[in-house]
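For reference, the structure discussed in these notes is given below.
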Amino acid sequence: MDIKVTINGVKKVFNADPGEKLLDLLRREGYKGAKRGCSTGDCGSCAVIINGKLVNSCLIFAGQADGHTLTTIEAIGTVNEPHIIQRTFVEEGAVQCGFCTPGMILATKVLLDKEKDPTLTQIREALSGNLCRCTGYVKIENAVIRSADKMRSE
Amino acid sequence: MKVKKYFRPRDLNEFHRLSAENPDHKILAGGTYVAKMKFPKVDTIIDIQDLGLKGIKEENGDIHIGANVTFTDLIEAELSYCGGLVGQVSSHCGPITIRNIATIGGNVMAGYHWNDTTPLLLALEATLMFTSDSGVKAVPVSSFIANRSTYTGLLLTSIILPSKYKDTKPFYKRFARTRSDIPTSIFIVLNSEEGDHITVGSATVKPVRIMYSADDEFLINTLLPRLNEVKFMDDLRGKPEFKEKIVISQYREWKEK
């Protein structure tokens, strides 16, 4: 079946099996920033943005994404030109093994697109679908706060 | 997951036609339950996202909620109805990544005893609107809970919350390991002209709604016997004895208030 999407600003048509999950399709098509973690919607490693909302791509059938706008971590920044959020995560030591980081960055992006000066409660809420087994969250929360500071002053 | 066919009908006629042509089908709303099924016996998926079952509106004080409204939609709607209870309950339905896609209709129809929405809708005496190729059917949530299998295969299109609870101040307690974890016990008390009604969910096999009587021994003589009749659930979240203690604690908290 054909899946027509706008992904990272580009219109594309992918072919998917009827039972294929969006995560599998994305990774097969080279969007490997979305990671396979739990496969049950608990960890958020596979998170992508659909129509401005953060969702678990492991829980979504590829067919559900047909006709929608997707943003993956590949659109947020590059190795040579990282986004402010990505740079700040590195500076704050909010990245250790890095497996959860794409999901964390996307969750932060969705939050900061909506809230320029989020409270700690809002930050925790925004990151509630993303698990990190390394950092203990304090550095991640600090990175979100500092990212917001930097983005406001730009 | 071995799925042979995936459809996204554009209207109800197409939905009914596809349902009839593919008897071994699973209706997909948000998909957060369906996608987690390990060994699904499903040949065909019918995705209902294009059927227009979205939207929240008020009509003569009643609240009409489309079955495909997500929990995030319900939170963002900031309904003042019943002291904001619908948004409050929705905020516990999983982390934000789940709430962004999981729908109220999907949650009701999934039929797990620990669903947050079923006790909410039972407490509010909601009506479920189903459609089939033979027409529309309005079903009180209490009837749906009592005879769930009767409605298998029907399409839930919307949920109506009655105006009688519009200005009610609810008592709502939810016991869970974390804010967004599956609840061990849900305890809701709503006041109407008839008096106070207590609804207990998640702790028992089915949610239970019972009228409170100002009897000093109501807990011992009425509430607990009724809950034990329905049976406290024995599951990952605890033994029946534990759940009974949680309900007792929630009841006492309400009484103290």
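The values are calculated or read from the model by the stated rules, or taken from the named source; none is laboratory data. No experiment lies behind these values; they were computed from the predicted model shown. Every residue, glycine among them, receives a Cβ derived from its backbone with ideal geometry; neighbour counts consider all protein chains shown. Keep in mind that these areas ignore ligands, DNA and RNA; they rest on the heavy atoms of the full protein, side chains included. Shrake-Rupley method; radii C 1.70, N 1.55, O 1.52, S 1.80 Å.
Figures for the structure shown
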read-out	value
Estimated dipole of region A:21-99 in Debye, rounded to 20 [Cβ of Lys and Arg +1, of Asp and Glu -1, Cα centre]	220 debye
Carbon + sulfur, % of accessible area of chain A - ligands and nucleic acids excluded, 1.4 Å	50 percent
GluC sites (Glu not before Pro) lying in DSSP loop within region B:60-149, provided at most 14 other Cβ fall within 10 Å	B:78
Within 10 Å of each Cβ in A:58-70, the average number of Cβ atoms from other chains	4
Interface A:B - total buried accessible surface [probe 1.4 Å, Å², rounded to 100]	2000 Å²
Sparse-neighbour loop sites [trypsin sites (Lys or Arg not before Pro); region B:76-179; at most 16 other C-beta within 10 Å; DSSP]	B:166, B:177, B:179
Computed accessible area, residue A:83, all protein chains, 1.4 angstrom probe, square angstrom	40 Å²
Calculated over region B:171-256: convex hull of Cα atoms, volume per residue (Å³)	91 Å³
Scaled radius of gyration (Cα, divided by 2.2 N^0.38 Å) that region A:84-153 gives	0.96
Kyte-Doolittle at least 0.5, axis length at least 15 Å by Cα - qualifying DSSP helices, chain A	A:101-114
Kirkwood Rh, angstrom, region B:5-47 [1 / mean 1/r, Cα pairs]	10.7 Å
Accessible area per residue, Å², the protein assembly as shown with all protein chains present, probe 1.4 Å	46 Å²
Sites matching GluC sites (Glu not before Pro) across region B:192-257 that sit in DSSP coil, with at most 15 neighbouring C-beta atoms within 10 Å	B:193, B:194, B:217
Pairs from B:137/B:255; B:26/B:54; A:53/B:36; B:5/B:57 whose Cα-Cα separation, in the structure shown, is over 28 Å	B:137/B:255; B:5/B:57
Those residues of region B:77-109 for which accessible area with every protein chain present is at least 30 Å² below the isolated value (1.4 Å probe)	B:95, B:96, B:97, B:98, B:100, B:101
Label-point gap, in nm, between residue A:74 and residue B:18 - each point 7 angstrom along Cα→Cβ	2.8 nm
Accessible area (Å², 1.4 Å probe, nearest 10) - residue B:210	20 Å²
FRET E, pair residue A:154, residue A:11, Förster distance 35 Å, beta-carbon r, rounded to 0.05	0.75
Two-site label geometry, residue B:213 and residue A:53: point separation in nm, points 7 Å out along Cα→Cβ	4.5 nm
Degrees, to the nearest 10: B:240-256 long Cα axis against longest axis of chain B	60 degrees
Projected label distance in nm at residue B:221 and residue A:91, using a 7 Å step from Cα toward the beta-carbon	6.9 nm
Sequence of A:35, B:231, B:36 when ordered by accessible area, the most exposed leading, probe 1.4 angstrom	B:231, B:36, A:35
Solvent-accessible surface ranking, highest first, for B:149, B:192 at 1.4 angstrom	B:149, B:192
10 Å-binned pair-distance histogram of chain B (Cα, whole percent)	7, 30, 35, 20, 7, 1
Within the accessible area of chain B (1.4 Å probe), percent carbon and sulfur	50 percent
Pairwise Cα inverse-distance average, inverted: Kirkwood Rh of region A:1-146 (Å)	15.4 Å
Directionally averaged projected area (convex hull, Cα atoms, the protein assembly as shown), nm²	21.6 nm²
Stokes-Einstein D for region A:2-75, Kirkwood Rh over Cα pairs, 20 °C, 1.002 mPa s (µm²/s)	181 µm²/s
Cα centroid separation, region B:121-196 to region B:2-57 (Å)	23 Å
